[in-house]
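Heads up: the structure comes next, in structure tokens.
Each reported figure results from applying straightforward, stated rules to the coordinates on display, with no laboratory input. What you see is a predicted model, and the numbers here were worked out from it, not measured in a lab. Here the Cβ positions follow ideal geometry from the backbone for every residue, glycine too, while neighbour counts run over all protein chains shown.
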């Protein structure tokens, strides 16, 4: 009889503990589901109490393919990647304005080149930029001493890509291309801007120009 009573007490205690555990889980789930709404920066934000009501500011819209150097340097867009990364600061505006001019193929003066790479160094802190900036400042002193500052030009001539077989393509600032290919007569093809290229990059040996 006494053993039966002990077993009954153990069973009742087990039921009581199980009930408490189930109630705790239910309460926890209820807290996660419960939410409140409030406005932040003009947007509706749902806060989960289970996450301690942490506010996560919604990200600004991201525009794919936004070219930072086609932006207006005097009134840059908030979508400009440089503005997003560094903020609307004088160095960013200087970098946009002069890099835009440089990439267009318009030569920079010695002062403009120094201003461009000073802004570049402030933003990115590359050692190579630091060395280039030292060279430009030294070059400026030499030009000033000889009175030949007007002779200086810092000009972008395009980008060149190379293939493993020795062929290369240079894209000029105006969009035209120069293709160097030993497979064609003369070895050089000049492609006007926004024109269909007669050049083929086919690596097969069946058809050659």
For residue 86 and residue 149, compute 0.36 nm times the residue count separating them, minus their Cα-Cα distance, and round to one decimal in nm.
19.4 nm
State, as an integer percentage, the relative contact order of the stretch 68-151 based on alpha-carbon contacts under 8 Å between residues 6 or more apart.
23 percent
Could you check the simple spin-label distance between residue 109 and residue 170, using points 7 Å along Cα→Cβ, in nm with one decimal?
2.8 nm
Where does the stretch 109-162 land on Rg/Rh, using Cα atoms and the Kirkwood Rh?
1.04
Mind ranking 155-166, 100-111 by how tightly packed they are, going by the mean number of other C-beta atoms within 10 angstrom, highest first?
100-111, 155-166
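Based only on other Cβ atoms within 10 Å, what is the fewest-to-most ordering of 114, 171?
Working: 114 19, 171 16.
The order, fewest Cβ neighbours first, is 171, 114.
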Any idea what % of Cα-Cα pairs in the stretch 68-151 are farther than 15 Å?
60 percent
